[in-house]
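Coordinate-derived values only; no laboratory data. Just so it is clear, the model here is predicted, and its values are computed rather than measured. Here the Cβ positions follow ideal geometry from the backbone for every residue, glycine too, while neighbour counts run over all protein chains shown.
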Amino acid sequence: MKLSNRTKVMEQGEMTLAERMYLPAIVGGMATTLKHFFSKPVTIRYPEQQRYLGPIFRGHHILKKDSEGAERCTACGLCAVACPAEAISMVAEERKPGEEKLYREEKYAKVYEINMLRCIFCGLCEEACPKEAIFLRHDQMVPVFSSRDEVIYGKDKLVEHMDQRYLRDGWK
Amino acid sequence: MNLLTDIFLAKAAFIGAVFAITLGIAAYSTYFERKIAAFMQDRIGPDRAGPFGILQPLADAVKMFMKEDFIPANSNKWLFIAGPCLSMLTALMTSAVVPFGDTVTVGGVTFDLQGIDVNIGILWVFGIVSLGVYGILIGGWASNNKYSLLGAIRAASQNISYELAMGMAIIAILLFTGSLSTKAIVEGQQNGHWNIFYQPLGFLIFIICAFAECNRTPFDLPECETELIGGYHTEYSSMKLGFYLFAEYINMFISGAVMATLYFGGYDYPGIDFVTAQFGSTVAGFVGMGALIGKALIFVFIFMWVRWTLPRFRYDQLMGLGWSGLIPLSMYNVVVTAFGILIGKPFTAGIVGFLLLIGGMVVYDQLFVKKKIA
Amino acid sequence: MEISSIWYFLSGLTLLSALMVVFARNPIHSVLYLVFTFFCISGHYVLLNAQFLMAVNIIVYAGAIMVLFLFVIMMLDLKRNQPESKSSLTKLAGSVVAGSLLVILIALVRQNNLPAPSEGTFVAKTGMVENLGQLLYTEYLLPFELISVLFFVAMVGAVMLGKREAGERNF
C-alpha cells in the first residue's frame, strides 16, 4: 500500500569492512562521549538553584488585597463551583460597619479553605473569579507536607501580606 | 640475619602499602565511575557527601554494611559465602608480581618495589586471572537461582574463550623479552623502547581481552540486567554484593597495571635518567611507582570511558569475536613477531605485518563481500 | 619450619581432598575438592622448585579444565541422590578395575626402586622454564611433536563436532 511516494526500499547486504571491524564506529562513539565529557553540565541543583518557571506558572494560591489593603474576595463561591477537584470551601459573612478597611465588598469570606491534597493546580479558580481575588502565584510552590494536618490551607496561609505584595510579570 | 629481617619487614611494609593503594584506588574508582558517567552524560554526578562528593565511597560503604545480609533459604550456604570471598581474593593476588618500581634504598635497606620477583611472573598473573572465574561460578551456582546460574555459565565460557587470545598476545611479548619474569619484561622496555610500538596489534587484542576478563562493558554479559536481572549476583546483598562489585574495580586497576607493565614500559617514564642524576635512584624509583600507577589509572579511565560509550554485545557476537576474530588475529601476531625477531627487525616486521593485515582485509572485502545497496 | 613438615602437611591435605572428591555426595563439591587437590599438587611442584609446572598446572587444570567440568555439571544439574540408580554390577566392576590398577601401581613402585636424588648430581634448576624447554626440544622432541599432532587432531574433531549444520540456527 502506497500512501506517499516517499517509501524507500531498504536492503541489508553484508556489512562493509569498516563496519565488521567495529573499531571505526567505536572510536567515533568514544569521540562523541569525550566531547560531552568536556561540555557544560545541564543539571540545576534544585534546592539551591531554582529555575525561572515562566510568568504563567501555577503555584501557591494567594488571596489578593486591593491597594488599600482590603480583601477583594466577596465569597461568591464561583471558584468553588469551577473547581474540578472540589478543593475549595468557604463560609460567607456580612461585613460589619467599621470593617471597610478590611473587606472591599459588603460580603466577605470568613473561612476560605483549600485542600492541597485535592487541588490539581489547574487554575480554573483564577479564571472563574469575577473580583480578581484568587491567583496562583508564579514564583512560589506549595511546600511539601508530611502530615494530613498541614494539608488544608486556611486564610492565614492564603491572604496576601501588604509588606510583600505579589506582582505578576505582566502587571508591571 | 638482621639484614634478612629488615628486608622481610620492608617487603611486608611494601605489600601492605600496595594493598592499601589498591583498595583505596578501587574505592575511589566507584566514585570516579559515577563522576565520569555523569560528565559524559552532561550531568554533575554525586556531589552531596563532602566537597564535590569525595566522601561518597565512605557513604556507599556504610550503606553496604548497613543493608540486610541475606542468604536465600535453598542456597548452598558455605559456597554462597565463598563466592564473593574468592572473587576478592583472586582480584587482590595478582598485584603480587606487578613491578611497581625499580630498587629503592630506605633506611639502609635496598629492596625491589615488587611483591615477589618470581621467574614465572606473567604466568602467575595469567593463572590467577583464570582462577578469577571461580568466584563468579560458585556464587552463581550456590544462589540456587536460574538467572544467577545463567550469569555464572556465561562468565565461565566468556573467560575461557578470551583467555586463549590473551595468552597468545602475551606469547608475542615473551618472544621479545625471552623471560617470563615481569621485572625482566619491564627492564627490556627501558628508555622508551615500549612494547606498544612493536606490538600495536598485540596490545589491541590484549586490551579487548582485558575488558572481557574484567566483565566490563561491552562484555558484561554475566551481569546483563536486561536479560538476567543481575546475573550472578542477583541473590547477593549487603557487603557480599559489595565484594563482587569491589573485586571488579580492583581487577580494573590491576589489569591496567599489567597492561602498563607489558606494553607501556612499566615504571619507565620520560626523563628517568635526569631524575636519577639529580635526586638519586631512590627518588627515581618512587617517581617510577607513581608513573606506573598513573598509567594504570589512565587505563581505568579508558575502561570507564568505554563503559559509558558502548552498548553490550549480543552473546553470539561475543563468542564470534573471541573465537573467530581475536584468536586468529593473535596467531597472526605471534607469527609476524617471530618472523621479525628471526630477521632481526621486529619494528619493521610489526609495521609491515599490520599493513599486510589491513591490505589483505581490504582485498578480501573488495573481492568477496556483497555490497550494501545504499 | 622444616621443609619436610611442609611436605607432610601438603601430602596429607592432597590425600584428604582427593578422598573427598570420591566421597562427596554433591558433584559440584567433588569438582571443587578436585580443584583444591590440584592446588595441593601445585604446592608440591613449588617444593620441587618447579615453578613453571606449578603455574601451568594451575592455568591448565584448575583454570581451564576444571572450569569446564564445573560448567558442564552445572548445566546438567545433577541431582544429589542419583548414585542409587547404579546397579551393584556396576559397583562391582568399578571396584575390580580400581583395585587392579592399585595393585599394578604398587607392584610398579616396588619393582623400580626410584633412585633418591644425591647431593652431588642434584640440579635445583631442573624445573625452570629454560631447562624444561631444552629438554622438550632436544631429548623428548618426537613425543612432544606427536602430542602436538594429537592435540591438533582433537582440535579438528572438536571443530567438526561443533560446526553448525546447514540450515540450523543456534541463536
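Compute, for segment A:124-172, the length of the dipole vector about the Cα centre, with Cβ point charges of +1 (Lys, Arg) and -1 (Asp, Glu) only. Units Debye, rounded to 20.
Using Cβ point charges on Lys, Arg, Asp and Glu, segment A:124-172 gives about 60 debye.
If you plug each phi of segment A:36-45 into the Karplus form 6.51 cos²θ - 1.76 cosθ + 1.60 with θ = phi - 60°, what whole-Hz ³J(HN,Hα) values come out, in order, with x for Gly and Pro?
Taking θ as phi minus 60°, the curve returns 5, 4, 9, 8, 6, x, 9, 5, 10, 6 Hz for segment A:36-45.
Which of the three applies to segment B:2-368, rounded, prolate or oblate, going by the alpha-carbon gyration tensor with a ≥ b ≥ c and a/c under 1.5 meaning rounded?
oblate
Which is farthest toward the positive dipole end of chain A among A:Phe135, A:Ala70, A:Pro97, measuring Cα position about the Cα centre, with Cβ charges +1 (Lys, Arg) and -1 (Asp, Glu)?
In chain A, that residue is A:Phe135.
Based on other C-beta atoms within 10 Å, arrange A:Asp156, A:Asp169 from fewest to most.
The most exposed by this proxy come first: A:Asp156, A:Asp169.
Restricting to DSSP loop positions (anything but H, G, I, E, B) with no more than 11 other Cβ atoms inside 10 Å of their own Cβ, which trypsin sites (Lys or Arg not before Pro) remain in segment A:66-135?
Loop-located and lightly packed - A:Lys101.
For chain B, what relative contact order do you get, as a whole percent, if you take Cα pairs closer than 8 Å and at least 6 residues apart?
Answer for chain B is 21 percent.
Amide H to amide H, which residues 5 or more places from A:Val159 or on other chains are under 5 Å from it, using H placed in the peptide plane?
Hits under the 5 Å cutoff: A:Leu63.
Segment C:1-79 to segment A:111-145: how many Å between their Cα centroids?
A separation of 75 Å, based on Cα centres.
Given only helices, namely DSSP H runs of n ≥ 4 each adding -39500 (n - 2.57), what is the per-residue ellipticity at 222 nm of chain A, to the nearest 500 deg cm²/dmol?
-4500 deg cm²/dmol
Which order do B:Lys63, B:Lys295 fall in if you start with the one that has the fewest other Cβ atoms within 10 Å?
If I rank by nearby Cβ atoms, fewest first, I get B:Lys63, B:Lys295.
Note down the net charge around B:Tyr236, summing +1 for each Lys or Arg and -1 for each Asp or Glu among other residues with Cβ under 14 Å from its Cβ.
Neighbour charge sum, excluding B:Tyr236 itself: -2.
Not counting the cut sites, what is the longest span of chain A without chymotrypsin sites (Phe, Trp or Tyr not before Pro) that DSSP labels loop and that have at most 11 other Cβ atoms within 10 Å?
With chymotrypsin sites (Phe, Trp or Tyr not before Pro) excluded where exposed in loops, chain A gives A:53-172 as its longest stretch.
Around A:Ile62, under 12 Å between beta carbons, what's the net of Lys plus Arg minus Asp minus Glu among the other residues?
+4
Compare the Cα positions of B:Met304, B:Gln199, B:Gly140 along the charge dipole of segment B:2-368 (+1 at Cβ of Lys, Arg; -1 at Cβ of Asp, Glu; about the Cα centre) and return the one farthest towards the positive end.
B:Gly140
Restricting to DSSP H runs of at least four residues, report the calculated mean residue ellipticity at 222 nm for chain B, -39500 (n - 2.57) per run over all residues, nearest 500 deg cm²/dmol.
-23000 deg cm²/dmol
With a 10 Å Cβ neighbour count serving as the proxy for reagent exposure, in which order, fewest first, do B:Trp305, B:Trp78, C:Trp7 appear?
B:Trp78, C:Trp7, B:Trp305
With unit charges on the beta carbon (Lys/Arg positive, Asp/Glu negative), name the residue among B:Gly271, B:Trp124, B:Leu55 whose Cα is farthest towards the positive pole of the charge dipole of segment B:2-368.
Result: B:Leu55, furthest along the dipole toward the positive end.
Considering only the other residues whose Cβ falls under 13 Å of the Cβ of B:Tyr267, what net charge follows from Lys and Arg at +1 and Asp and Glu at -1?
-2
Size of the dipole of the protein assembly as shown about the Cα centre, Lys and Arg at +1 and Asp and Glu at -1 on the beta carbon, nothing else charged, in debye to 20?
1460 debye
Once you charge only the Cβ atoms, +1 for Lys and Arg and -1 for Asp and Glu, what is the size of the charge dipole of chain B about its Cα centre, to the nearest 20 debye?
Here the size comes out at about 760 debye.
Each residue of segment B:132-145 in turn: what ³J(HN,Hα) in whole Hz from Karplus with 6.51, -1.76, 1.60 and θ = phi - 60°, glycine and Pro shown as x?
With the stated coefficients, segment B:132-145 comes to x, 6, 4, x, 5, 4, 5, x, x, 6, 5, 5, 6, 9 Hz.
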